[in-house]
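First the structure, in the form of structure tokens, and then the observations on it.
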Amino acid sequence: MNQDEFGFRIRQALNDGAERLDYRTVLRLEQARGKALARQRRAGPATVRLPALQLAAAGAPPVDTGRGGWGWLRGAGWMAPLVALAVAFVAISDWQNEREIERLAALDFAVLLDDGPLEAYADHVFGVLLQAERQAQ
Amino acid sequence: MATREELSEFLAGVERRAFKQAVFAVRDESHALDIVQDAMMKIAENYGDRPAAELPPLFTRILQNTIHDFFRRSKVRSTWVTLFSSLNPEHDPDADPLETLEATGDTRSESTETTYQREQIVAIIEEEVARLPARQREAFLLRYWEDLDTAETAAAMGCSEGSVKTHCSRATHALAKALKERGITL
């Protein structure tokens, strides 16, 4: 009888012994199994993806949006008003710049056509040009 | 990820062998039950989200580590462990002999004498397995009872494949010799 065959015979005997456990031991093992199953580790909770602005509007608590993808939007809810304010400042500033450029362009055009005095360059107030126009009339 | 049913089925399939291995190691059924319960809790809590296919080698490793942990703790509190070892259910004066009859239920085709002889042989084999040196017994049981190959056994024991072969060979020879001396031929 070689080693593997001997091992197989012993295995049969050991299996036989394991099947003949007394009922109290079997009961304890079942109880232990039940306790272990009650503590089974689960994978992370299912993720819920909601638009950031919807979260901000609803005042909802932070929700795990997952590991990647749009997860960065989680913190964007409370930032939305700040972003809107910044956009508004930029728009107003841009609008004011455009007005200033148009004003200077009109001034240049009037000076080139001799419709305005040269002092107009030194005066940022467009009233100088208007005054010159009134005097010419 | 292993479902609750898969984990339950897996544990139900290994718990008796795990208990017997623990009994062979610590020679005390009460402590063996605690060890198996600890091992079950550990695999459920820490690896319950792993695929079902990964559970057998993990549980084997966890059980061996839990047995080793038991011996480490025993060194510290050896006094009261010795005291509590007398609570072996085999010596329980309140034990009802009828309770054990259920475990031998499906043997109606065998004569009482044959059943008794088989139980005696199994008991002797278990005694001799329990007498093997710890590492030899561990290697032998993993290799031939848990049906792990040499590499898997080496991984579970944290040793080389050569050591596993040596342990198994020595265990086989020691077991064969001991059984022969007790008049048992397989």
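When we measure straight from the Cα of B:K42, which lysines land under 24 angstrom away, once same-chain ones fewer than 8 places off are left out?
Once the sequence-local lysines are set aside, what remains near B:K42 is A:K35, B:K20, B:K75.
Can you sort B:L63, A:L37 from fewest to most other Cβ atoms within 10 Å of each residue's own Cβ?
A:L37, B:L63
Please arrange B:K177, B:K165 by counting, for each residue, the other beta carbons lying within 10 Å of its beta carbon, fewest first.
Exposure proxy ranking, most exposed first: B:K177, B:K165.
What does the average come to when, for each residue of peptide A:23-31, you count the partner chain Cβ atoms lying within 10 Å of its Cβ?
6
Would you kindly state how much longer the chain becomes between B:R73 and B:T112 on full extension, computed as 0.36 nm times their sequence separation minus their alpha carbon distance, in nm to one decimal?
9.7 nm
Kindly rank B:113-125, B:138-150, A:8-20 from highest to lowest mean number of other beta carbons found within 10 Å of each residue.
B:138-150, A:8-20, B:113-125
Could you list A:F6, B:F19, B:F71 in order of exposure, starting from the residue whose Cβ has the fewest other Cβ atoms within 10 Å?
Going from sparsest to densest Cβ surroundings: B:F71, A:F6, B:F19.
Peptide A:1-11: average number of partner chain Cβ atoms within 10 Å per residue?
Mean shielding count: 6.
Treating the beta-carbon of each Lys and Arg as +1 and of each Asp and Glu as -1, no other charges, what is the dipole magnitude of the stretch A:1-41 about its Cα centre, to the nearest 20 debye?
Rounded to the nearest 20 debye, it is 460 debye.
Bear in mind that the values in this text are calculations on the coordinates, not laboratory data. Because the structure is a prediction, the values reported are computed rather than measured. For neighbour counting, all protein chains shown are included, and Cβ atoms are generated from backbone atoms with ideal geometry for every residue, glycine included.
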